[in-house]
1. Among the trypsin sites (Lys or Arg not before Pro) within the range 1-43, which fall in a DSSP loop and have no more than 16 other Cβ atoms within 10 Å of their own Cβ?
2. Viscosity 1.567 mPa s, temperature 4 °C: what is the translational diffusion coefficient of the range 1-151 from Stokes-Einstein with a Kirkwood Rh over Cα pairs, rounded to a whole number of µm²/s?
3. When 20, 113 are ordered from fewest to most other Cβ atoms inside 10 Å of their Cβ, what list results?
4. Just to confirm the number: angle between the C-alpha axis of helix 151-162 and the first principal axis of the chain, 0 to 90 degrees, nearest 10?
5. Give the longest segment of the chain that steers clear of GluC sites (Glu not before Pro) in DSSP loops with at most 15 neighbouring Cβ atoms within 10 Å, not counting the sites themselves.
6. Dividing the Cα convex hull volume of the range 1-74 by residue count, how many Å³ per residue is that?
7. What residues have an amide H closer than 5 Å to that of residue 34, excluding those fewer than 5 places away on the same chain, when H is modeled at 1.01 Å from N in the peptide plane?
8. Which stretch or stretches of the range 22-57 have amide N atoms under 14 Å from the point lying 7 Å from residue 84's Cα along the Cα→Cβ direction?
Amino acid sequence: MQVNLLNVFTASERDYNIDYVLEQDFIVVDGRKKNLSEMINFKGTLTSLGKDDCKLVGKIKFSYETVCDRCTKDLNETVNVSIDKEINLVDTEEEFLEGSVLDLDKLIFEEIYLNLPVKTLCKDDCKGICSQCGADLNEGTCDCDDLSIDPRLAKLKDLFKEV
Ligand SMILES: [Zn+2]
Ligand SMILES: [Zn+2]
């Protein structure tokens, strides 16, 4: 969605409401394509602050299908991002601004990538899976020796045995 910031405000109306759903049905996270289970949507308001300035306030929300980083269980991650951004038309440094035209998609993706969760976990205290047999440790313990010993430490242990 492109918004020409010179055209959206009128003499009597300094607010421009946006309720927008992006067409793209996936998002790339860490180089992997994830399907969206809830489309990326943005609800917010552009407010004129004078000749060259305006402000964008609103919320981005979407969900995507992914897996738990520890136990690889399927899960649905919901992302909420609040935007509160002043936009200066003279400041052409911004990637999402081309002249007076605001590329809302670009701005939204910029904000999304700044705010994606670093870790996705099915629950905060997920115990993950056993590195040896692959058992889900949330569902109980497995029979593996949970003190999987580093070979260097194993040697050390043998030394102690000899003493
Ligand atoms: Zn998990
Ligand atoms: Zn195991």
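Every read-out reported here was derived from the displayed coordinates using simple, explicitly stated rules and does not represent laboratory data. Not measured: the values here are computed from a predicted model. FYI the Cβ positions are ideal-geometry reconstructions off the backbone, even for glycines, and counts take in every protein chain you see.
1. Qualifying residues, ordered by number: 14.
2. Taking Rh from Cα pairs, D becomes 71 µm²/s.
3. 113, 20
4. Around 30 degrees separate the two axes.
5. By the stated rule (loop sites, at most 15 other Cβ atoms within 10 Å), 24-92.
6. Value for the range 1-74: 115 Å³ per residue.
7. 27, 28, 29
8. Those under the cut-off are 45, 55-57.
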